[in-house]
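**Q** Below you will find the structure I want to go over with you.
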Amino acid sequence: MIESNLTLDIITATLQGEKYEGQITKQLEHLEEVEYEHTDSGLLIFIEYRKEAKEFWLTDTQLHETFGESEPELSKFELINEELNIRAETSVHFKNGIIERVEIWNTLGDYPEEDLEKWELRSIQS
């Protein structure tokens, strides 16, 4: 199970309103963060699944309906923490119909290595 509140907040907010939101959300209890990779300006959160998650994978047809020919990723929110000078783009990436990683890229500079205690997610205006 995903234990980071930040990771869960990003994923659940990003999935909200998506056609297969219910199905993908059911994957969450069978996923766990396995690796964090900090870069100067961001954080990559790699996720693995337990075999029970396969029941909730998106099919090739569902993936095509959701993403078309584009990369299978959803980017709908920015992560904000004014105190730490963070205004970061967030994205949820899929591989073979399942959530594979979450990416956070701070557009204002360095991203801290310690876990955030406070944040706000703001919808990206299209």
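**Q** Carbon and sulfur: what percent of segment 58-118's accessible surface (1.4 Å probe)?
**A** 42
**Q** Turning to a different aspect of this structure: Would you calculate, for the chain, the mean residue ellipticity at 222 nm contributed by helices, counting each DSSP H stretch of 4 or more residues as -39,500 (n - 2.57) and dividing by all residues, to the nearest 500?
**A** About -5500 deg cm²/dmol.
**Q** Of the listed values [x] 14.3, 43; [y] 17.9, 61; [z] 15.9, 51, identify the label whose number matches Rg and Dmax of the Cα atoms in Å calculated from this model.
**A** Evaluating Rg and Dmax of the Cα atoms in Å on these atoms matches [x].
**Q** Please give the per residue accessible area of segment 30-106, computed with a probe of 1.4 Å over protein heavy atoms only, in Å².
**A** Ligands and nucleic acids excluded, the result is 55 Å² per residue.
**Q** With a Förster radius of 30 Å, plug the Cβ-Cβ distance of T25 and R87 into 1/(1 + (r/R0)^6) and report the FRET value to the nearest 0.05.
**A** After rounding, the FRET efficiency stands at 0.65.
**Q** Counting only protein heavy atoms and a 1.4 Å probe, tell me what percentage of segment 1-40's accessible area is made up of carbon and sulfur.
**A** Whole-percent figure for carbon plus sulfur exposure: 42.
**Q** What's the lysine pair count for the chain at a Cα cut-off below 25 Å, pairs eight or more apart or interchain?
**A** Number of lysine pairs found: 12.
**Q** Based only on Cα atoms, what Rg/Rh ratio does segment 70-112 have, Rh being taken as Kirkwood's radius?
**A** Ratio of gyration radius to Kirkwood radius for segment 70-112: 1.07.
**Q** If I fit a long axis through the Cα atoms of helix 5-15 and take the longest principal axis of the Cα atoms of the chain, what angle between them do I get, 0 to 90°, rounded to 10?
**A** Its long axis makes an angle of about 50 degrees.
**Q** To continue, here is another question. In segment 44-126, what GluC sites (Glu not before Pro) fall in a loop by DSSP, with at most 13 other Cβ atoms inside 10 Å?
**A** E69, E113, E114, E117
The values are calculated or read from the model by the stated rules, or taken from the named source; none is laboratory data. What you see is a predicted model; the values in this text were computed from it and never measured. Here the Cβ is made from the backbone with ideal geometry for all residues, glycine too, and neighbour counts use every protein chain on show. In case anyone asks, the SASA skips ligands and DNA or RNA and just uses the protein heavy atoms, side chains included. Shrake-Rupley method; radii C 1.70, N 1.55, O 1.52, S 1.80 Å.
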